[in-house]
Structure formats: C-alpha cells, structure tokens
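Take a look at the structure below.
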Amino acid sequence: MRKWLMVGAGTNLVLGVPAVVPIWMVWYLLSNWPLAALGWTQGEPTENDGAWPWFVVAGPVVLLSGLAWWAVNRPLRRRDEGGGGLYWSVGAAATLAPTAALIAASAL
C-alpha cells in the first residue's frame, strides 16, 4: 500500500476516538426526530425539549469536528499520490471504526 494512505488511515483512526461524540450527537438527533417521524426508529420517550436545543448544542460540536477532520486530512491527501476517492473513503471508514467498535461492544 502507499505510505501516505496508511498514514492517513492511522491518523483517521486516532481522530475517530473523539469523533464518537459528534457521531453520537448526529445519530441522537436523527433517531429522535426525522427518523422517528418516518416510523423507522422509536424516539426517546423522555425527550420533550424539541430539536432546537440539539441544533444549538450539537451544531457547533459537529461543525468544529468536521472542520478539524478536514484540516488534518487535507495536507495528508495532497501527499498521497493515488486517487482522492480511495483516500477519502479509507479515511472515513477509519474515522467511523471506533464508533462501530463501541456499537459492536454494546451489543454483546
């Protein structure tokens, strides 16, 4: 494999640990309002504040996390000589790996 692709995968794996929080925030927001309204999930029965407080709280957290992720990955992607699609998909998968590991561990 290419060196910078592996460096990017390792970096994104490390970035995925703190990214658990914004990923959870996005899932909580989606599962309680739009997906629950469609009947795809069951909303939290004690959640009665509405979606606005979650946008106010989760919005900046998710935005800052996304900007940090992009700022770290942009120079690494420039050093990788391969196609951008491969780098970004490996980076996204490596970032989601810690969240997937926590979901799998909670299912046991």
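What follows is calculated from the coordinates using simple rules that are stated; it is not laboratory data. Source: prediction; values computed, not measured. A quick note on method: Cβ atoms are made from the backbone with ideal geometry, for glycine too, and the neighbour counts reach across all protein chains shown.
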- Message: If I compute semi-axes √(5λ) of the Cα gyration tensor in Å from the structure I just sent, which labelled value in (1) 24, 16, 12; (2) 31, 16, 11; (3) 26, 14, 12 lines up?
- Response: (2)
- Query: How about the chain: which trypsin sites (Lys or Arg not before Pro) there lie in a loop by DSSP and see at most 13 other Cβ atoms within 10 Å?
  - Reply: ARG2
- Tell me, what is the percent relative contact order of the chain, built from C-alpha pairs under 8 Å that lie six or more residues apart? 52
- Mean Kyte hydropathy of -1.0 or more with a Cα span along the axis of at least 20 Å, helices from DSSP in the chain: 52-79, 84-107
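Just from its helices, what would the mean residue ellipticity at 222 nm be for the chain, if runs of 4 or more DSSP H residues each count -39500 (n - 2.57) and the sum is divided by every residue, rounded to the nearest 500 deg cm²/dmol? Mind dumping the intermediate values first?
On the way: 5 runs with 82 residues, N = 108.
Only helices count here, giving -25500 deg cm²/dmol.
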